[in-house]
1. Average the reciprocal distances over every distinct pair of alpha-carbons in the range 34-74, invert the result, and give the Kirkwood radius in Å.
2. How far is it, in nm, from the label point at Thr36 to the one at Ala82 when both lie 7 Å from their Cα along the line to the Cβ?
3. Would you mind working out the accessible area per residue for the range 1-63, using a 1.4 Å probe, and quoting it in Å²?
4. At 1.4 Å probe size, what's the solvent-accessible area of Thr163? Round to the nearest 10 Å².
5. Evaluate the distance, in nm, between pseudo-label points positioned 7 Å from the Cα of Thr14 and of Val58 along their respective Cα→Cβ axes.
6. Of the heavy-atom accessible surface of the range 1-67 (probe 1.4 angstrom), what whole percent is carbon and sulfur?
7. Test of understanding: what is the full-extension gain from Met185 to Gln70, defined as 0.36 nm times their sequence separation minus their Cα-Cα distance?
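The values are calculated or read from the model by the stated rules, or taken from the named source; none is laboratory data. Here the structure is a predicted model, which is why all the values come from computation and not from measurement. Cβ sites come from the backbone with ideal geometry, for glycine too, and all protein chains shown count toward neighbours. We work out accessible area using only protein heavy atoms, side chains counted, and drop any ligands, DNA or RNA first. Shrake-Rupley method; radii C 1.70, N 1.55, O 1.52, S 1.80 Å.
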Amino acid sequence: MYEDDRRGRWEQLTEVPLALASVAFLIAYAVRVLATGLSGVGQDLTLAVMLGAWTLFVVDYAVRWRLGGQGLRFVRANWLDALVVLLPLLRPLRIVRLYEAVQRRHGQPRLSLYARVITYAGVSAVLLGFAGALAVYQRERGAPGTSMHTFGDAVWWTCATLTTVGYGDVVPVTFWGRLIAVGMMAGGLALLGAVTGSFSSWLIQVFSREDDERPPGS
C-alpha cells in the first residue's frame, strides 16, 4: 500500500512535466523533419530536445517500475509504457491523460464514459496521425519510386490509412515506411472500433431508457 501511495504521488507530480516533454519531443521531431535547410546548430538543438525528453521518459518508467514492486509483472501490465520508451514518438498519445489529471486536481466533474472514450479516441487519432505522417514522410521522401513527395501527401495517406479507406494513390515503398503503415492500420482499427462501439452502446442506452419511460400499451 505504501508503494502504491508513493507511485501515485510520483505520477501526480510528473504528469504535467512529462506532458510538456511529450509536446517538446513532437515539436522538435516535426522541425527536424519538415524544416528544409536546417542549420547544424538547429539539428543539434532539436536532437538535444528529443534526447532530453526521451531521457525523462526512461527515468519515469524506471521509477514507476521500482515503486511498483512487481518485477516483470509491471512490464506485462504496462506494456504500452514500455512500447513508448522504445518508440518515443508515441509518447504524445499519453497527453490525453493530462485532462484527467487536471480534472481530478480541481475536483471538477468529468465527462461521461462514452464522451470520454470518443474524445480521447479523437485526440489520439489526431496525435497518432500527425506523428505517423512525420515518421513515414521522413522515410519515404526521396526514396526511389515513391509517391509521397510532400508532407501533404503523407497527411493524405495517413487519413486514408487511419480511416481504413486506403485509396492506394499514395503508398509507402520502403521497408520502414511499410512497417509504419502496419502500425497505423492497427491503430486506426483500434480507434475506429472504440468510437463506433462507444457510440453504439450510447444509442442502445438511450433507446432502452426511452422504452422504460414509455407508458404501457403505447
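1. Taking the inverse mean of 1/r over all distinct Cα pairs, the range 34-74 comes out at 12.4 Å.
2. Each label point lies 7 Å from its Cα, and together they span 4.2 nm.
3. Each residue of the range 1-63 exposes 59 Å² on average to a 1.4 Å probe.
4. The accessible area comes out at roughly 80 Å².
5. Modelled inter-label distance: 1.3 nm.
6. Values: 2780 of 4010 Å².
Answer for the range 1-67 is 69 percent, counting heavy atoms of protein chains only.
7. Values: separation 115, 0.36 × 115 = 41.40 nm, distance 3.26 nm.
38.1 nm is the gain from fully extending Met185 to Gln70.
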